[in-house]
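Read-outs throughout are calculated quantities, based only on the coordinates presented, and are distinct from any laboratory measurement. Everything quoted here is computed from the prediction, not taken from an experiment. Ideal geometry is used to build each Cβ from the backbone, glycine not excepted, and the neighbour counts take in all protein chains shown.
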Amino acid sequence: MHDFSQFIREIPDFPKAGIIFKDITPLLGNPTAFHKATDEFARRYKSEAIDAVVGIDARGFIFAAALAYRLGAAFVPIRKSGKLPFDKYEVTYDLEYGSDTVAIHRDAFPKGSKVLICDDLLATGGTLAASVNLIEKLEGNIVGIAILIELTELNGREQVPDYDIFSLIKY
Ligand code: AMP
């Protein structure tokens, strides 16, 4: 597999002290790297007949949209609270300090659809677990989870033990 880590810029203490922010804009800004990363995901899922790629707000949308186009699938957004205008399901989950809410439209895809989840980064897995929960409410069939960057020390994948996670860069 291609080494994409050279295109990830690390910013210490952003957005707050103690966090090393993984900045994906150098990868997005390099046409070859962006293309290759999208193609690696597409290669993994192209024989799965995916109906919908679900992207997680906000950086997940970038790869999810490119991948949906590449796979001939629908694109579905999972958004942070207060952004979706129509009937929705919501799930609230705990953060280190406080909580967050994610939402999906109730008519996002038909029951039984083959769904691929896509996000830029897996840290503690809280956002991903809440997103899985939303898709389960809609009775989607989760075929896989595609992640650009996985922070393995945080064991985020343990939050969704029933599903296969494919990550392109591991730290
Ligand atoms: P979590 O719910 O802890 O797995 O966090 C996942 C979301 O937070 C991802 O969608 C990222 O966009 C963002 N995030 C968490 N940690 C980082 C980090 N070190 N660098 C960049 N984004 C992060």
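What the table shows:
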| item | result |
| --- | --- |
| Computed FRET value (nearest 0.05) for Leu154 with Asn133, which takes r as the C-beta separation and R₀ as 25 Å | 0.85 |
| Rel. contact order, % - alpha carbon contacts under 8 angstrom, at least six apart, segment 47-170 | 24 |
| Most fluctuating residue given options Leu148, Leu71, Leu28, as computed from a GNM of the chain linking Cα atoms under 10 Å | Leu28 |
| The chain: most fluctuating residue of Ser99, Ser113, Ser81 per GNM, C-alpha cutoff 10 Å | Ser99 |
| Alpha-carbon Debye profile of segment 47-170, log10 I(q)/I(0) at 0.12, 0.13 Å⁻¹ | -0.38, -0.45 |
| Neighbour cut-off at most 13 other Cβ (10 Å), DSSP loop, trypsin sites (Lys or Arg not before Pro), segment 84-132 | Arg106, Lys111 |
| Fully extended contour minus Cα-Cα distance, from Ser99 to Arg9, at 0.36 nm per residue | 29.6 nm |
| For the chain, calculated [θ]222 nm from helices alone, where every DSSP H run of n ≥ 4 adds -39500 (n - 2.57) | -7500 deg cm²/dmol |
| Fraction of beta bridges assigned by DSSP in segment 47-170 that are antiparallel (%, nearest 5) | 30 |
| GNM result for the chain, Cα springs below 10 Å: residue of Ile24, Ile135, Ile78 fluctuating most strongly | Ile24 |
| Simple spin-label estimate for Lys36 and Tyr69 in nanometres, 7 Å along Cα-Cβ | 2.0 |
| Full-stretch length increase - Arg43, Tyr171 - with 0.36 nm per residue and alpha-carbon distance subtracted | 43.8 nm |
